[in-house]
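Below is one structure; the comments refer to it alone.
The values are calculated or read from the model by the stated rules, or taken from the named source; none is laboratory data. Source: prediction; values computed, not measured. Here the Cβ positions follow ideal geometry from the backbone for every residue, glycine too, while neighbour counts run over all protein chains shown. To get the accessible areas, we keep the full protein, side chains included, count just its heavy atoms, and leave off ligands, DNA and RNA. Shrake-Rupley method; radii C 1.70, N 1.55, O 1.52, S 1.80 Å.
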Amino acid sequence: MRRSPPSLDTILLLADDNDGAVLREALMAANPALDVRVMTTLAGLDHLDDHQVRQSRLIAFLFPDIVSSKLLNALGFGAYNIHPGPPHYPGWAPIAFAVYQQAQSFGATLHHMEARPDTGAIVDAENFAIAPGISHAELAALSFAASLRLFWRNAARLARPAPLPINPQHHWTGTPTRRRDVAQMCAQTPGMSSDEISRRHLAFGDGDGFSRFVGPSSA
């Protein structure tokens, strides 16, 4: 007997509690039949059986941890990530690197999730100009707002079974940054100038590990 295809029953929403509650309401408003489960850690995914996974879509909103390729491949309705950075800032701590590099523009990206982070095909992107001398906290706030706009613009499609279409105008560029790159930026080296120390502190001093950046010459 021919088996009927799975239906989209569940959204697995990886987000913090506050963001997750708001996003959950929007997804359920778009599709009241959905069971939207907010998960703040990957541990919640360990309890899903194969049937649940086949009837699920995963959405990660500014979520820092990497989802296993095994789960990504098993999801019946794919996985999508909202990355707090534009396509030309893939990888870890994009906000900090943009501040450090004195970027003139920034944004957020909605993309299909693949086993390698920030490599999946892009669905949508938000971009905005950056004022000179912007701080990490200021850029984080603007990036969060851009990420929300991406979500609201695509919430109805995310709540429906059809895969979200790829936008051929957007492509990932540049080398993805990793945690070790952040660690290197947070490590003081002999002879580092006071200007370089100040620039790194402005970029990495608001929560990306810069607390380890200490030493006699940093005073």
Residue by residue through segment 135-167, note down the ones that are open to solvent by 20 Å² or more (accessible area, probe 1.4 Å), at pLDDT 95 or above and in a loop (DSSP other than H, G, I, E, B). R160, P161, A162, P163, P165, I166, N167
If I ask for residues that are closer than 15 Å to A74 by Cβ and either surrounded by fewer than 17 Cβ atoms within 10 Å (Cβ to Cβ) or acidic (D, E) (or both), which ones from segment 10-51 would you list? L42, D46, H47, D49, D50, H51
Here's a check for you: in segment 129-163, which residue that is hydrophobic (A, V, I, L, M, F, W, C) and over 17 Å from the mean Cα position of the chain (by Cα) is nearest to A203 (Cα to Cα)? I134
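Step by step: first the residues of segment 57-66, then only those that are more than 8 Å from the chain's Cα centre (by Cα) and buried (at least 21 other Cβ atoms within 10 Å of the Cβ), then the one that is nearest to F151 (Cα to Cα). Which residue is that?
Taking segment 57-66 as the starting set, the residues that turn out to be more than 8 Å from the chain's Cα centre (by Cα) are 57-59, 65-66.
Now drop any that are not buried (at least 21 other Cβ atoms within 10 Å of the Cβ), which leaves 57-59.
Details: R57: 15, L58: 14, I59: 10 Å.
Among those that are more than 8 Å from the chain's Cα centre (by Cα) and buried (at least 21 other Cβ atoms within 10 Å of the Cβ), it is I59.
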With the requirement that a residue be polar (S, T, N, Q) and open to solvent by 40 Å² or more (accessible area, probe 1.4 Å), what does segment 67-98 give you? S68, S69, N73
With respect to A103, is the statement that it is without any contact (Cβ under 8 Å) to a residue 60 or more places away in the chain, in contact with a Ser or Thr (Cβ under 6 Å, 6 or more places away or on another chain), of a type in the set (A, V, I, L, M, F, W, C) and not in a helix (DSSP H, G or I) true? no
Which of the residues spanning segment 178-199 are out of contact with any helix residue (DSSP H, G or I) (no Cβ under 6 Å at 6 or more places or on another chain) and open to solvent by less than 50 Å² (accessible area, probe 1.4 Å)? D181, V182, A183, A187, M192, E196
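Across segment 200-219, which residue is surrounded by the fewest Cβ atoms within 10 Å (Cβ to Cβ) among those that are in a helix (DSSP H, G or I) and modelled with pLDDT under 50? Talk me through it step by step, then tell me what you get.
Here is the first cut: in segment 200-219, the residues in a helix (DSSP H, G or I) are 200-204, 210-212, 216-218.
Narrowing the set further to residues that are modelled with pLDDT under 50 leaves 210-212, 216-218.
Details: F210: 19, S211: 10, R212: 11, P216: 6, S217: 12, S218: 13.
Only one residue tops the list, namely P216.
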Can you confirm whether segment 50-68 contains a residue that is under 23 Å from P117 (Cα atoms), small (G, A, S), touching a strand residue (DSSP E or B) at 6+ places or on another chain (Cβ under 7 Å) and part of a helix (DSSP H, G or I)? no
Kindly evaluate R37 against the criterion of being in a helix (DSSP H, G or I) and touching a residue at least 12 places away in the same chain (Cβ under 8 Å). no
With the requirement that a residue be at pLDDT below 95 and hydroxyl-bearing (S, T, Y), what does segment 1-39 give you? S4, S7
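Restricting to segment 115-134, give me the number of residues that are closer than 25 Å to Q55 by Cα, modelled with pLDDT under 95 and out of contact with any Leu (no Cβ under 7 Å at 6 or more places or on another chain).
Counting residues in segment 115-134 that are closer than 25 Å to Q55 by Cα, modelled with pLDDT under 95 and out of contact with any Leu (no Cβ under 7 Å at 6 or more places or on another chain) gives 4.
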Can you work out which of the residues in segment 168-184 that are assigned to a helix (DSSP H, G or I) and free of Cβ contacts under 8 Å to residues at least 60 places away in the same chain is nearest to the chain's Cα centre (by Cα)? R180
